[in-house]
1. Counting only protein heavy atoms, what percent of the accessible surface of the chain is carbon or sulfur at a 1.4 Å probe?
2. If I histogram all Cα-Cα distances within region 119-203 using bins 10 Å wide from 0, what percent of pairs lands in each bin?
3. Taking the Cα centre of region 67-220 as origin, work out the dipole magnitude from +1 charges on Lys and Arg Cβ and -1 charges on Asp and Glu Cβ, in debye rounded to 20.
4. Grab the Cα-Cα distance for Asp219 and Ala72, subtract it from 0.36 nm times how many residues apart they are, and report the gain in nm with one decimal.
5. Points 7 angstrom from Cα along the Cβ direction at Ala204 and Asp15: gap in nanometres?
6. Roughly what would the spin-label model give for Thr65 and Ala188, points 7 Å off Cα along C-beta, in nm?
7. Could you give the spread of the C-alpha atoms of region 6-102 along their three principal axes, from largest to smallest, in whole angstroms?
8. Testing the spin-label approximation: label points 7 Å from Cα along Cα→Cβ at Lys212 and Asp100. State their distance in nm.
Amino acid sequence: MKFFVDTADVAEIRDLAATGLVDGVTTNPSLVAKSGRDFFEVLEEICDIVDGPVSAEVAATDSDTMLAEGKALSKIAKNIAVKVPLTRDGLKACKALSGDGIMVNVTLCFSAAQAILAAKAGATFVSPFVGRLDDIGSDGMALIADIVDIYDAYANFDTEVLVASIRHPMHVVDSAKMGAHVATVPPAVLRAMFNHPLTDKGLAAFLVDWEKTGQSILDR
Ligand code: G3P
């Protein structure tokens with residue numbers, strides 16, 4: 001499973017990328033607005049930090065302008081994935097952009113029917129928003145299971161399932177159980193995945209017992 005970090009906060013990305021466990025980044029207009037920075041500048045900086053796909057979302061809603069914006073965004077760096085919304089115009093732009101060899105992340109996916117269209121449009125990634133479905137009492141993880149099953153049934157569907165709108169580590173775990181290709185994880189959730197109280201307790205006990213030996217590993 002690939003881990004993308006879901007933020008436009010460069011300090012967070014730099015810190016988590018240093019673990020060697022980050023395979024890409026996703027941004028969206030809300031995350032860019034939250035950063036308070038120039039869109040192109042922050043994307044350039046992110047693309048310098050992370051070698052993997054970095055999603056940058058168009059702002060237009062008509063396919064022609066989405067296409068122009070997508071081409072402009074793709075020139076920022078070779079690892080830019082252009083994000084377009086899962087609308088009729090978005091999929092039309094996706095078909096054209098992917099035809100030009102540009103990575104496309106089709107976002108705001110909330111149904112299996114939409115995900116089938118994204119695959120047919122040649123999307124590199126489709127982003128089903130599990131958290132927002134859970135937020136309204138729907139079953140976000142059931143959607144992931146459906147999309148993975150459908151995509152697995154068609155050898156010509158090359159689109160990767162990029163689970164988004166993740167609220168907690170169990171969204172990541174359940175997505176992995178279902179074989180989703182990517183989880184885009186908010187920094188706080190990714191940090192939470194490292195932690196377990198029994199790990200902390202066990203490590204503390206190991207260190208106390210090691211101290212009693214009076215030995216050192218490096219001073220040999
Ligand atoms: O990448 C999409 C993600 O940022 C949306 O998450 O929490 O706004 O539903 P959220």
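1. Answer for the chain is 56 percent, counting heavy atoms of protein chains only.
2. 17, 44, 26, 10, 3, 0
3. Charge dipole of region 67-220: 520 debye, to the nearest 20.
4. 47.3 nm
5. 2.3 nm
6. Using points 7 Å along Cα→Cβ, the separation is 3.4 nm.
7. Over region 6-102, Cα extents along the principal axes are 38, 26, 20 Å.
8. 6.8 nm
The values are calculated or read from the model by the stated rules, or taken from the named source; none is laboratory data. All figures in this text were calculated on a predicted structure; none of them were measured in a lab. Glycine gets a Cβ as well: all are built from the backbone with ideal geometry, and neighbour counts include every protein chain shown. What goes into the accessible areas is simple: the full protein's heavy atoms, side chains included, and nothing from ligands, DNA or RNA. Shrake-Rupley method; radii C 1.70, N 1.55, O 1.52, S 1.80 Å.
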